[in-house]
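Structure, as structure tokens:
The values are calculated or read from the model by the stated rules, or taken from the named source; none is laboratory data. Note that this is a predicted model, so its numbers are computed, not measured. Note that each Cβ is placed from the backbone with ideal geometry, even for glycine, and that neighbours are counted across all protein chains shown.
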């Protein structure tokens with residue numbers, strides 16, 4: 001078993017995650033660490049304390065370290081670190097320092113990494129379930145388009161598709177590709193905005209949007225468990241991207257029943273993905289956008305698709321004109 005752990009400046013968080021990793025006793029542990037920010041007083045000491053936690057590894061394990069002397073940021077550092085991991089192994093389970101997994105998470109990931117290793121339809125495996133079930137039917141897991149990364153696993157074949165700067169997006173943004181793929185115009189508009197936000201390397205503190213784009217461009221599926229397997233403990237003022245708690249994503253972890261039951265028919269569940277969008281992503285939109293795109297725009301799209309696309313194009317042009 002290969003496990004990668006991304007750490008920075010939170011020794012207490014790191015200790016909790018490492019304690020869970022110790023229960024799984026992976027053969028190889030890859031540790032990715034960013035360097036301290038020179039302008040942050042006391043951060044160098046916190047970085048040293050956090051890295052010292054790794055010395056607690058006391059099971060038979062090869063520990064590989066990729067520590068940066070300078071601060072690369074929370075976009076470039078994970079991206080370069082994960083790339084380093086996949087230069088050495090062809091599949092890996094990945095955790096960040098604030099993602100505490102249930103012990104069954106490792107067995108779940110490892111079994112699915114092996115089961116779907118040759119199945120090009122499967123892009124990644126996530127340990128997250130923010131619907132606390134959310135789908136009927138058989139199977140310990142189901143397929144989605146959403147690659148949640150609070151505890152996940154994937155293969156080199158998937159990671160090699162990632163372009164950190166989303167260069168291909170700029171050629172696709174004026175086409176119906178995204179709305180056709182998601183089959184949800186409101187979701188397509190939201191993600192179009194996210195891709196615009198980071199394309200061309202404009203936001204180098206974000207890497208996971210490039211991962212989402214790579215997954216969708218490959219037409220890949222994501223496997224989500226029936227229960228939430230990872231608890232995020234990183235909420236708070238010190239965090240970078242989760243300092244305002246999104247209530248829908250604060251879900252306790254619980255064990256998944258083993259052995260896993262593989263679903264009879266694995267295909268993306270559009271209804272469940274719509275519920276995920278409404279629960280996780282739609283609340284981040286402003287009230288006006290939520291009312292406009294969910295109700296008015298959605299009705300037009302369903303009734304008069306051509307007019308809806310013309311309206312979407314007009315909105316894009318207005319946004320471009322008003323952009324700084």
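Check 17, 41, 47 and return the single one that is under 22 Å from residue 110 (Cβ atoms) and not assigned by TED's automatic domain parsing to the domain that holds residue 230.
17
Only one of 76, 63 is in contact with a helix residue (DSSP H, G or I) (Cβ under 7 Å, 6 or more places away or on another chain) and not assigned by TED's automatic domain parsing to the domain that holds residue 109; which?
63
Looking for something in contact with a helix residue (DSSP H, G or I) (Cβ under 7 Å, 6 or more places away or on another chain) and either in contact (Cβ under 8 Å) with a residue 24 or more places away in the chain or not assigned by TED's automatic domain parsing to the domain that holds residue 267 (or both) - is there at least one such residue anywhere in the stretch 111-121?
no
Here are the criteria: (1) crowded, with 22+ Cβ neighbours inside 10 Å; (2) assigned to a helix (DSSP H, G or I). Tell me which single one residue 114 does not satisfy.
Residue 114 satisfies every listed condition except (1).
Of everything in the stretch 1-19, what is part of a helix (DSSP H, G or I), surrounded by fewer than 23 Cβ atoms within 10 Å (Cβ to Cβ) and in contact with a helix residue (DSSP H, G or I) (Cβ under 8 Å, 6 or more places away or on another chain)? Give them in sequence order.
Answer for the stretch 1-19, where residues must be part of a helix (DSSP H, G or I), surrounded by fewer than 23 Cβ atoms within 10 Å (Cβ to Cβ) and in contact with a helix residue (DSSP H, G or I) (Cβ under 8 Å, 6 or more places away or on another chain): 11, 15, 18.
Specify the residue that is surrounded by the fewest Cβ atoms within 10 Å (Cβ to Cβ); the eligible residues are those in the stretch 57-85 that are within 16 Å of residue 36 (Cβ to Cβ) and out of contact with any strand residue (DSSP E or B) (no Cβ under 8 Å at 6 or more places or on another chain).
That would be 69.
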